[in-house]
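These notes concern the structure reproduced below.
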Amino acid sequence: MSSICPIPIRLKEARISKALSQQKLGELLGLEAGNASARMNQYERGKHTPDFDTLKRIAEVLDVPVAYFYCEDELEAKIVEAMHKLQPEQKQSLLGFIEELKL
């Protein structure tokens, strides 16, 4: 298991996939325009880690689940992100499928 925190990597990936600058993401989170880009840059470089409430707000803006930021594996991150976009009944079907695979 990697000892590198996956949050900075996932944050940058999700931000870029939404075509947002660090500045714009920070502003959408309600940060002051003067330090929005710098704060997001610190998060993406791993210099600082957002607290859980901030990470939840980031997840909402980027339309990813909070769990996405904690995925150490690229495939798992893609699965979590895809699952997030499913309707509740689809998630239930997916869970049934996964349980069948475990047999």
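Taken per residue, the accessible surface of the chain reaches 66 Å², heavy atoms only and a 1.4 Å probe. In the chain, a dipole from Cβ-located charges (positive for Lys and Arg, negative for Asp and Glu) runs towards its positive end, and of Ala36, Leu94, Leu62 it is Ala36 whose Cα lies farthest in that direction. The lysines within cross-link reach of Lys24, meaning a Cα-to-Cα straight distance under 28 Å and a gap of 8 or more places when in the same chain, are Lys12, Lys47, Lys56, Lys78, Lys85. Accessible surface of the chain, 1.4 Å probe: 55 percent of it comes from carbon and sulfur atoms.
Dipole of the chain, Cα-centred, from +1 at each Lys and Arg C-beta and -1 at each Asp and Glu C-beta, to the nearest 20 debye? List each step's numbers first, then the result.
Values: 14 positive and 16 negative charges, 73 e Å.
Taking the Cα centre of the chain as origin, the dipole is about 360 debye.
The values are calculated or read from the model by the stated rules, or taken from the named source; none is laboratory data. A quick note: this is a predicted structure, and the numbers were derived from the prediction, not measured. Every residue, glycine among them, receives a Cβ derived from its backbone with ideal geometry; neighbour counts consider all protein chains shown. With ligands, DNA and RNA removed, areas are computed over all heavy atoms of the protein, side chains included. Shrake-Rupley method; radii C 1.70, N 1.55, O 1.52, S 1.80 Å.
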